[in-house]
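Notes for the one structure printed next.
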Amino acid sequence: MVLKIYLDPCTINCRKVLAGVDLIGTDFELVNIDYFNGGHKDPSFTKINPCATVPAATDGDLVLTESNAIMQYAADIKQGGSSAYPVDPKRRADVNRWLLWEASVWFPSCYVYIVQNVVQELLGGKPDQAALSAEEPNFHKLAKVLEMTLSKQKWIAGDEVTIADLAIAAPMHLWKEQKLPLENYPGVTRWIQEVEKLPCWQKTQGAVEKALLPNKKQSTTGANGSGGSVKATLNYTKDVSPQLTEIYFYETEKSKGIHEPGDSAHEVDIHDGWSRADDFHVDKHGFSLNDFRAKYSKAWDEDETVRREFYPEIVEFLKKTLGAKEVLVFDHTIRTKKNVAKPLTDQKNTSQRAPVQLVHCDYTAESGPKRITQLLPDRAPELLKRRHAFLNVWKPLHAVEENPLAMCDVTSSPPEDFFKLHLRYHDRDGENYLLRYSPEHKWYYFPGMDEGKVILLKTFDSEEGVAKFVGHSAFADPTSKSDARPRESIEIRTIAFF
Ligand SMILES: N[C@@H](CCC(=O)N[C@@H](CS)C(=O)NCC(=O)O)C(=O)O
């Protein structure tokens with residue numbers, strides 16, 4: 001059975017659940033209910049939830065309403081449990097009492113502020129000052145209770161974030177626009193800003209702002225609160241043609257005096273892509289962000305097991321996502337900081353590498369088809385007649401806190417911006433594309449992206465009129481914390497045949 005959640009991501013209780021299931025990591029199917037157009041009153045929904053409120057959830061014959069109960073259930077069915085809803089009875093009781101506190105007193109109080117200071121404006125009206133003044137003493141009484149806890153500890157229920165944090169943060173999710181009087185509550189203010197840095201919160205902020213603050217520039221506020229982009233350095237390469245740009249993967253005299261890549265560092269704006277995450281398409285922008293919760297989640301450094309158990313999942317996922325008839329997974333690389341000491345030129349173990357901070361694309365117009373001939377010599381003549389495209393599937397192994405991946409929107413990087421990097425291996429030559437700098441390049445990344453999502457990167461396509469080569473690079477995110485967990489990711493190289 002699958003957990004189905006019915007919601008409109010812009011409402012307080014729905015956003016809470018959406019962020020909650022993301023934090024917990026439970027698989028679920030989302031059914032969108034259009035709240036502002038009365039979708040929650042439609043008979044197709046009221047037959048599930050006769051109360052005509054969102055969110056609601058079903059799992060087989062179980063029908064659940066109440067946002068907090070849905071989060072609790074999602075945590076209970078998560079295989080292996082979730083620290084977001086502790087099992088220790090005392091800690092769980094503490095989380096439960098906050099969930100009840102939120103639903104019974106905190107939500108109704110914060111609701112007055114959202115209705116008066118946000119919804120009224122949305123409807124062209126004015127806040128009812130009398131209603132706000134009447135609520136104020138009650139709000140302060142409750143905020144003091146929160147402050148007593150949050151001045152002592154990082155999260156509502158101790159050192160670890162739990163669903164209680166999301167429950168209590170949800171009714172204040174537009175706290176600045178709601179004009180919640182938080183001036184005298186430094187602990188609460190510090191905490192809500194911490195919540196705002198959580199990837200599950202950031203991912204769900206766009207829908208709230210789009211519906212309730214239509215005049216605000218869609219913020220997708222990054223981890224630094226900078227409003228949608230970071231300035232970071234990307235390593236481009238100077239095109240010194242007719243001299244070639246090369247890299248040798250073995251010791252040789254021939255490497256003396258060559259032009260190596262990465263000699264053109266530029267500071268660029270890298271945009272937070274979350275608010276338009278669904279718009280990106282591999283055939284237009286050269287990349288897309290997709291949901292993908294792998295069943296395989298262990299032993300990433302065991303190459304054989306990854307090939308045997310994980311590759312088939314990727315094949316099925318790509319066939320479904322791209323509509324490809326056949327998908328070949330031919331290689332993968334695990335990138336961790338552990339591997340940082342290994343020079344790029346270490347060709348012995350190419351499946352274990354450090355993130356590459358170089359603007360590049362993995363194939364060229366020539367090296368794509370050549371690779372198919374090398375990998376599938378017998379079938380190549382037939383396969384090369386069909387549309388064939390190379391796609392990398394980039395998957396974090398846990399939420400990315402540093403060294404994220406940035407993609408250059410293909411609509412901003414015309415073919416003339418690309419030139420070749422010649423890869424010299426002991427036994428063969430290969431080719432990548434490098435990019436020369438252009439101020440027109442539009443860069444995107446997905447801060448805090450976690451293991452439930454993948455980025456698809458198009459690195460070659462035989463089809464004309466679609467995105468063929470996407471420039472990409474890891475980069476040092478200036479907003480990462482100094483104690484950020486090192487990035488660990490896997491990228492899987494595939495060929496799709498249509
Ligand atoms: N206590 C319920 C409240 C659910 C609720 O009232 N949801 C609102 C949206 S946040 C709703 O659907 N209201 C119905 C309406 O406005 O007609 C929960 O936590 O799920």
Hey, Pro86 farther than 22 Å from Ile12 by Cβ, away from the ligand (no atom under 11 Å from the Cβ) and buried (at least 18 other Cβ atoms within 10 Å of the Cβ) or not: yes
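Results for (1) in contact (Cβ under 8 Å) with a residue 12 or more places away in the chain; (2) over 27 Å from Tyr73 (Cβ atoms), shown as yes or no for each residue.
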{"position": "Ser133", "(1), (2)": "no, yes"}
{"position": "Glu136", "(1), (2)": "yes, yes"}
{"position": "His140", "(1), (2)": "yes, yes"}
{"position": "Ala157", "(1), (2)": "yes, no"}
{"position": "Glu160", "(1), (2)": "yes, no"}
{"position": "Met172", "(1), (2)": "yes, no"}
{"position": "Tyr185", "(1), (2)": "yes, yes"}
{"position": "Val188", "(1), (2)": "yes, yes"}
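Yes/no per residue for (1) modelled with pLDDT under 95; (2) more than 17 Å from the chain's Cα centre (by Cα):
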site	(1), (2)
Leu244	no, yes
Tyr248	yes, yes
Ser255	yes, yes
Trp274	yes, no
Asp278	yes, no
Asp283	no, yes
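Could you list, in sequence order, the residues of the range 24-54 that are part of a loop (DSSP other than H, G, I, E, B) and in contact (Cβ under 8 Å) with a residue 60 or more places away in the chain?
At the first step, the residues of the range 24-54 found to be part of a loop (DSSP other than H, G, I, E, B) are 25-28, 33-34, 38, 42, 47-54.
Within the range 24-54, Gly25, Asp27 qualify.
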Filter result (out of contact with any helix residue (DSSP H, G or I) (no Cβ under 9 Å at 6 or more places or on another chain) and within 11 Å of the ligand (Cβ to nearest atom)) within the range 89-107: Ser104
Search result, residues across the range 1-23 that are within 8 Å of the ligand (Cβ to nearest atom) and outside any helix (DSSP H, G or I): Asp8, Thr11
Residue selected from the range 305-330 under the condition of a type in the set (Val, Ile, Thr) and farther than 15 Å from Ala294 by Cα, by the criterion surrounded by the most Cβ atoms within 10 Å (Cβ to Cβ): Val327
Hits in the range 55-80 (condition: part of a loop (DSSP other than H, G, I, E, B) and within 14 Å of the ligand (Cβ to nearest atom)): Pro55, Glu66
Qualifying positions in the range 178-229 - modelled with pLDDT under 90, over 18 Å from the mean Cα position of the chain (by Cα) and either in a loop (DSSP other than H, G, I, E, B) or assigned by TED's automatic domain parsing to the domain that holds Asp477 (or both): Leu213, Pro214, Asn215, Lys216, Lys217
Residue tally, condition away from the ligand (no atom under 11 Å from the Cβ), under 15 Å from Asp8 (Cα atoms) and charged (D, E, K, R), over the range 36-54: 1
Residue selected from the range 55-77 under the condition without any contact (Cβ under 8 Å) to a residue 12 or more places away in the chain and in contact with a helix residue (DSSP H, G or I) (Cβ under 9 Å, 6 or more places away or on another chain), by the criterion farthest from Leu166 (Cα to Cα): Leu62
Residue in the range 289-302 that is without any contact (Cβ under 8 Å) to a residue 12 or more places away in the chain and more than 23 Å from the chain's Cα centre (by Cα) present: yes
Subset of the range 24-35 [of a type in the set (Val, Ile, Thr) and more than 13 Å from the ligand (Cβ to nearest atom)]: Ile24, Thr26, Val31
So Pro415, is it without any contact (Cβ under 8 Å) to a residue 60 or more places away in the chain and assigned by TED's automatic domain parsing to the domain that holds Val359: yes
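Here is a yes/no grid of residues against (1) under 17 Å from Tyr363 (Cβ atoms); (2) of a type in the set (Asp, Glu); (3) free of Cβ contacts under 8 Å to residues at least 60 places away in the same chain; (4) in a loop (DSSP other than H, G, I, E, B):
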position	(1), (2), (3), (4)
Asp427	no, yes, yes, yes
Glu431	yes, yes, no, no
Ser438	no, no, yes, yes
Glu451	no, yes, no, yes
Val470	yes, no, no, yes
Ser480	no, no, no, yes
Ala484	no, no, no, yes
Thr494	yes, no, no, no
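The values are calculated or read from the model by the stated rules, or taken from the named source; none is laboratory data. Predicted model, so just to flag it, every value in this text is computed and none were measured. As a convention, Cβ positions derive from the backbone with ideal geometry for all residues, glycine included, and neighbour counts pool all protein chains shown.
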